[in-house]
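S.K.: Below is the structure I would like to discuss, written out as structure tokens.
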Amino acid sequence: MPPPELYTTAALYRALESLAHRFPAAAAIATPLGIATYTEVLAQAQSLETHLQPYVGRRIGIAVPPSLGWMAAMAACDKLDIAVTLLSPQLPADALAASARTTGLAAVMTAAGQLDDTGVEGRWAHPGGSVTLLTSGTTGAPKHVMHTWSSLFRPARLHPRYLHGRWLLAYPLHLYAGLQVFSQCLHNAGTLYPHPEGDPVAASRCIAEH
């Protein structure tokens, strides 16, 4: 568990807010559905706050594919002190429900703003948001690894040559490696390019076209 000083309030939300102010037209993420700017991500995060209010101080699951919706949901949860457990968006509904029960999640989000309440209290004892990842344990049972955005941001490096760069997301966002690519991209006001359907050729074409 991270030490108390790592529970920095709304680290992700404040980072997005700063980028939207400094670079309002900068592209944050590019998917087959189009390009979203940091300003649009922030606006959607703010619009999600009403939907998420019942879960303030609780723990929910996020099973949203890499998208504007994922970024907005993560930022809104961070601002509202909602603890997040990241789940694979590829999991079928019954597997998501089982994960929610075993991890004590109050709800699971499968699309931006689409919340399925589980009936679990899911109270979270610590101030500030957190991000929990499920990794494969030695016994076969998932191992829970908790981070904060402050700790996830710590390895990220700023460099002038990275500013507004294009970052290929070749790892799932529910894994640590994917979150590190996202963090590095965010710190340098870059554009995230999710790996389309595991197809590197399609990913390269997407980057070239934009």
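S.K.: Have a look at 52, 115 and point out the one that is hydrophobic (A, V, I, L, M, F, W, C) and modelled with pLDDT of 90 or more.
M.R.: Just a single option satisfies the conditions, and that option is 52.
S.K.: Inspect segment 133-152 for any residue being assigned to a loop (DSSP other than H, G, I, E, B), at pLDDT below 80 and closer than 18 Å to residue 71 by Cβ and give the result as yes or no.
M.R.: No, segment 133-152 contains no residue that is assigned to a loop (DSSP other than H, G, I, E, B), at pLDDT below 80 and closer than 18 Å to residue 71 by Cβ.
S.K.: Still on this structure, please answer the following. Within segment 163-185, restricting attention to residues that are among the aromatic types (Phe, Trp, Tyr) and not in a helix (DSSP H, G or I), which residue is modelled with the highest pLDDT?
M.R.: 167
S.K.: To continue, here is another question. For segment 152-174, what are the residues that are without any contact (Cβ under 8 Å) to a residue 60 or more places away in the chain and under 16 Å from residue 133 (Cβ atoms)?
M.R.: Residues satisfying the conditions are 152, 154, 155, 171.
S.K.: Suppose the filter is closer than 25 Å to residue 170 by Cα, under 15 Å from the mean Cα position of the chain (by Cα) and not β-branched (Val, Ile, Thr); does residue 45 pass it? Before the answer, list the steps.
M.R.: Values: closer than 25 Å to residue 170 by Cα: yes; under 15 Å from the mean Cα position of the chain (by Cα): yes; not β-branched (Val, Ile, Thr): yes.
Yes; evaluated as a whole, the condition is true for this residue.
S.K.: Out of the residues in segment 186-201 that are more than 13 Å from the chain's Cα centre (by Cα) and part of a helix (DSSP H, G or I), state the one that is modelled with the lowest pLDDT.
M.R.: 198
S.K.: Out of all the residues in segment 29-37, is one or more touching an Asp or Glu at 6+ places or on another chain (Cβ under 9 Å), crowded, with 19+ Cβ neighbours inside 10 Å and hydroxyl-bearing (Ser, Thr, Tyr)?
M.R.: Checked segment 29-37: no residue is touching an Asp or Glu at 6+ places or on another chain (Cβ under 9 Å), crowded, with 19+ Cβ neighbours inside 10 Å and hydroxyl-bearing (Ser, Thr, Tyr).
The values are calculated or read from the model by the stated rules, or taken from the named source; none is laboratory data. Here the structure is a predicted model, which is why all the values come from computation and not from measurement. Because the Cβ atoms are built from the backbone with ideal geometry, glycine has one as well, and the counts that use them run over all protein chains shown.
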